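Take a look at the structure below.
Each reported figure results from applying straightforward, stated rules to the coordinates on display, with no laboratory input. Computed from a predicted structure; not experimentally measured. Neighbour counts run over all protein chains shown; Cβ positions are idealised from the backbone, glycine included.
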C-alpha cells in the first residue's frame, strides 16, 4: 500500500512524497537521528538530511492510483 507523506524542512520547504508503508515506518524511526536517510518514493529516490526535517505528516488514506489527463 502506498501512502503520501509530507516532510517539513528547516527554512520552510515541504517535500511531498508517495512511499510504501515500510518506508513510512523506517523514516519515522530514523527521525531525530544523525546523517541522511534514503527514501525510495514514486517520485524518485531521495536522500533526506534528518537534521533538517522539522516534521513528518502522514496523510490519511492510501494512494491507489493517479488521476491524469491525456492529449486528444
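Summary table
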read-out: Calculated [θ] (222 nm, deg cm²/dmol) that DSSP helices of n ≥ 4 give over the chain, each run adding -39,500 (n - 2.57); value: -4000 deg cm²/dmol
read-out: In nm, spacing of pseudo-spin labels at residue 55 and residue 42 (7 Å Cα→C-beta vector); value: 2.4
read-out: Principal-axis tilt of helix 21-30 within the chain, Cα atoms, nearest 10 degrees; value: 20
